Amino acid sequence: MEKQEDRRPHRLVLVLFPLQGHTTPMLQLGSLLYSRGFSITIAHTSFNPPNPINHPHFHFLLLPDKTHYSLNSGTPKIKDLESINLNCQAPLKEFLELQKQRTYSQVAGVIHDSLMYFAAAVANDYKIPSLVLRTSSAAFAQTYVALPRLLAEGSLVFEDSMLHELVPQLNPLRFKDLPVSRENMEVTLKLMDILRNSKSSSALIINTLDCFEQLPLFQLRQHFQVPIFGIGPLSRMASASSTSFLEEEASCIAWLNTQAPKSVLYISKGSLAMSDEKELREIAWGLVNSEQPFLWVVRPGSVSGSDWTESLPQGFIEHVGERGLIVKWAPQKEVLAHCAVGGFWTHCGWNSVMESLSEGVPMICSPQFFDQKVNARYITHTWKVGLELEGELERGDIERSIRKLVAGTEGVEIRQRAIEWKQMIDVSILEGGSTYNALNDLTEFLLTNKILPN
Ligand code: UDP
């Protein structure tokens, strides 16, 4: 049956990339734009589809991607990316062809994840504006803008002695924070290429705020010469409907209700990062020795060689008793908003960072790959709302960091700053704030940015 929203005159097609950290912000953007009067079609792959029950106002378009993924085993592989981008073209074209015949509703724009670059070419064929949603920080995009320069100058260094040096024009990043190494050069070049192609898009949307990333945003605006809308934190502005692929264990909220205010350390490595058994044991002992209450997400399959928590030290659960809780997947936004949570030990995925900043929760950072090191550096050196646990995780370092952040006097300033940044977010999403204005500007842009010239 036709939904009432189908009669809305302007439709947007939002093209998801099927990883948790990409799907969530796109669905959040969809609900914001729905609230601005657009009909929303969510185009998604058969792998990791969103649950339509959680989004009754959206239409869904399946793009049969015919891809055999290795995505869940860590970071996306180039062959997956290329295969998705190839296989999803035809079904999107078919959809836009059908839409052309509708008289009462036109497609005002195709907003695609930066990794779903095929959608830009398809939109272009139909003279529809295409906009890129970047689900990571502006600073991360800025590193890819800088890489061609660094490569051309021969100043990209991988020698151990240089890794702690600051990268020219990318302060506060050090060479070790860049998302590039000799081993992942192929991926880096591909991502550089994708970003370069964004230049021909009508606009970019970034899940960020002007006051958090003023310089990176300024440099990106200069580089791209198309409108860049800093609309973040999307998690803070969008409706609360769940976007999780895994089932959220809501029971952890009842446990948090029994804990003292600001006492609990929440620990999560997001949807992709992995640990080995040794690391799991070091974390476990660090938590025991810190004597701090904790809520720990151990994603099934995230410890290599184990299904779940089999490799925890013997007696760990008994030793910890009521002081700690381990879950497979948490309702993270709700957890971070809970008054019992006093710190977040994170892998520094961008959504997690934005969610933590939104609630004024200070962080312990142990980044692994891609944007995570860039984010960690901004957390510890620009916003100064966290501590970094560098190198191999070791129980003594873990214990000291936890004590410092959640309970210690040294963490007082960090905790205070986290609250101040939260207040800036509160202001930016209110009428007249930068995110509020950017969303208005984006709405206006989508309503008036007509068909592209031939
Ligand atoms: N998340 C969650 N429950 C968990 C762990 C993570 O809901 O137990 C969500 C988290 O709120 C965030 C997303 O999963 O929105 C992870 O995205 P992020 O960019 O932080 O990291 P990624 O998974 O992409 O590495």
Add +1 for every Lys or Arg and -1 for every Asp or Glu among the other residues with Cβ under 14 Å from the Cβ of residue 387, and state the total. +1
Label model pair residue 241, residue 200: point-to-point distance (7 angstrom along the Cα→beta-carbon line) in nm is 3.4
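Name the shape class, rounded, prolate or oblate, that the alpha-carbon gyration tensor gives for the range 325-454, where a ≥ b ≥ c are the square roots of its eigenvalues, rounded holds for a/c under 1.5, and otherwise prolate holds if a/b is larger than b/c and oblate otherwise.
On the way: a/c = 2.33, a/b = 1.89, b/c = 1.23.
Here the range 325-454 falls in the prolate category.
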What's the extension gain from residue 215 to residue 382 if we count 0.36 nm per residue and subtract their Cα-Cα distance? 59.0 nm
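Treating only the Cβ atoms of Lys and Arg (+1) and Asp and Glu (-1) as charged, compute the dipole magnitude of the chain about its Cα centre; round to the nearest 20 debye.
Working: 41 positive and 49 negative charges, 259 e Å.
Taking the Cα centre of the chain as origin, the dipole is about 1240 debye.
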Placing +1 on the Cβ of each Lys and Arg and -1 on the Cβ of each Asp and Glu in the range 192-293, which of 241, 258, 290 has its Cα farthest towards the positive end of the resulting dipole? 241
Using the structure shown, select from 100/127; 176/384; 77/333; 333/404 the pairs with a Cα to Cα distance greater than 21 angstrom. 77/333; 333/404
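Please tell me the relative contact order of the range 290-383 in percent, rounded to the nearest whole number, where contacts are Cα pairs under 8 Å and at least six residues apart. Can you show the working numbers first?
On the way: 93 pairs, mean separation 20.7, N = 94.
Dividing the mean separation by the residue count of the range 290-383 yields 22 percent.
How large is the helix-only mean residue ellipticity at 222 nm for the chain, computed as the sum of -39500 (n - 2.57) over DSSP H runs with n ≥ 4, divided by its residue count, in deg cm²/dmol to the nearest 500? It would help to have the intermediate numbers written out before the result.
Details: 17 runs with 176 residues, N = 454.
Roughly -11500 deg cm²/dmol at 222 nm, from the helical runs in the chain.
Can you give the convex hull volume of the alpha carbon atoms of the range 263-313 per residue, in Å³? Write down the numbers at each step before the final one.
Working: hull volume 3.4 nm³, N = 51.
Taking the convex hull of the Cα positions in the range 263-313, it is 66 Å³ per residue.
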If you add up the charges near residue 288, with Lys and Arg at +1 and Asp and Glu at -1, over every other residue whose beta carbon is less than 12 angstrom from its beta carbon, what do you get? -1
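Relative to the compact-globule scaling 2.2 N^0.38 Å, provide the ratio for the alpha-carbon radius of gyration of the chain. Intermediate results must be reported in sequence, preceding the final value.
Working: Rg = 22.0 Å, N = 454, 2.2 N^0.38 = 22.5 Å.
Dividing the Cα radius of gyration by 2.2 N^0.38 Å gives 0.98.
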How many angstrom lie between the Cα centre of the range 332-370 and the Cα centre of the range 200-279? 8
Paramagnetic reach from residue 158 in the range 134-148 [backbone N under 20 Å; point 7 Å along Cα→Cβ]: 143-148
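Just so you know, all these numbers are worked out from the coordinates, no wet-lab data involved. Computed from a predicted structure; not experimentally measured. Here the Cβ is made from the backbone with ideal geometry for all residues, glycine too, and neighbour counts use every protein chain on show.
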